[in-house]
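**Q** What follows is a structure written as structure tokens; I'll ask about it next.
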Amino acid sequence: MKIKCLKTPAITRIFDQSKSSHMAVLAMLLFALVTMAQPVVAKSTTVPAWKDDDGRPRVEVYFENGQSFNFIVDTGMMKTIILPELVEALKLTETGQDVVNPHGNKVKVSAYPSLAVKIGGMIDYLINAPESLTNLKISEETVYGVLGSEFLQQFTVGFDLEAGIMILSDTGVEDMFGDVEFATLPMQSPYANLWMTETMIGPVTATAFLDTGANGTLVNPLVVQRMSIENYSRLDSVKTEVKGPAGIALENYNVLINEISADSRLWTDTRVTVVSAVFTQLRLANTPAVLIGSDLLLSGRLIMDYPEGLVYFELKQDS
């Protein structure tokens, strides 16, 4: 695996080792209790994955009772959501209330018990989508839930949907996709498990929200205002539905942007939707910002190394 233009933030790990035999025995006992309490993820788990009709990643999630259901993998959803059909199929009983954060907009939902799943780890808890979300058409295809970032960020997550796989690893990116060149950028989660990096949209430096659950790429009006007419062309002004758990459907307009780049990864002639409301929810209303959806994120191999705070974009042959 080749890394190009690596910008690694300084990371310090401190290991406090004790020579006390009593402490060593106690540590061993605690480790045994923890490993018995929850499933241990394999060092690297490869999961069959595919694009749905909207180009978003899907995986099959297997539950302890042997049943399996397909989920959207959504790096832009704070928590994991299950839909009413899955609650009924698993005969779950509500345990309380919780909050989800679709595109930064907090919504109260019902909470359900923890369930172990066969996808490389444990979802700490599963939550049912509220009526305001389930009434919206998330997809033309059947879907039972959304795997959110609170689950994903336990791992380094690799997507190669051309090969039909998603990889969950707790050992980092080494040899994840073999001899492939990647551009690399630091990413961070300033709040609510929502992960962001930096991009260039034409000549404009923009904060980029990484969202595989959105089927299209959005920019806020500030981006267009700061570009010259040579950098983009306006296409239309319509009420466009951007599918996702938040169900964005707003008056907006579409533009064709000549270049969007993340480090050395370049996307050209990209159709994006200019809209403001979603960026207000993401607390990015007053800064140039882009929500990069699955149309760009999954156009090549993608690695999101949550533990190290790095995102890797595959470089094309002509990059």
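The values are calculated or read from the model by the stated rules, or taken from the named source; none is laboratory data. What you see is a predicted model, and the numbers here were worked out from it, not measured in a lab. Here the Cβ is made from the backbone with ideal geometry for all residues, glycine too, and neighbour counts use every protein chain on show. To get the accessible areas, we keep the full protein, side chains included, count just its heavy atoms, and leave off ligands, DNA and RNA. Shrake-Rupley method; radii C 1.70, N 1.55, O 1.52, S 1.80 Å.
**Q** Report residue 257's accessible area, 1.4 Å probe, all protein chains in place, as a number in Å² to the nearest 10.
**A** Per-residue accessible area (residue 257): approximately 0 Å².
**Q** Now a separate question. How about the range 169-231: which GluC sites (Glu not before Pro) there are in a DSSP loop, with at most 14 other Cβ atoms within 10 Å of their Cβ? Write down the numbers at each step before the final one.
**A** Working: sites: 174, 181, 198, 230; in loops: 174.
Listed in order of number, the matching sites are 174.
**Q** Could I ask something else about it? For every other residue with a beta carbon closer than 14 angstrom to the beta carbon of residue 91, add +1 if it is Lys or Arg and -1 if Asp or Glu, then tell me the sum. Let's see the in-between values first.
**A** Numbers: positive: none; negative: 64, 85, 88, 94.
Summing Lys and Arg as +1 and Asp and Glu as -1 gives -4.
**Q** Next question, about the same structure. Placing unit charges on C-beta atoms (Lys and Arg positive, Asp and Glu negative, everything else neutral), compute the dipole magnitude of the range 45-89 about its Cα centre in debye, rounded to 20.
**A** Working: 4 positive and 8 negative charges, 41 e Å.
Rounded to the nearest 20 debye, it is 200 debye.
**Q** Further question: Within 10 Å of each candidate Cβ there may be at most 11 other Cβ atoms; applying that plus a DSSP loop requirement, which chymotrypsin sites (Phe, Trp or Tyr not before Pro) in the range 249-319 survive?
**A** When the chymotrypsin sites (Phe, Trp or Tyr not before Pro) of the range 249-319 are filtered for loop state and at most 11 Cβ neighbours within 10 Å, nothing remains.
**Q** Here's another thing I want to ask about it. Between residue 192 and residue 114, how high is the FRET efficiency from 1/(1 + (r/R0)^6) when r is the Cβ-Cβ distance and R₀ = 25 Å? Nearest 0.05.
**A** Efficiency for this residue pair is about 0.75.
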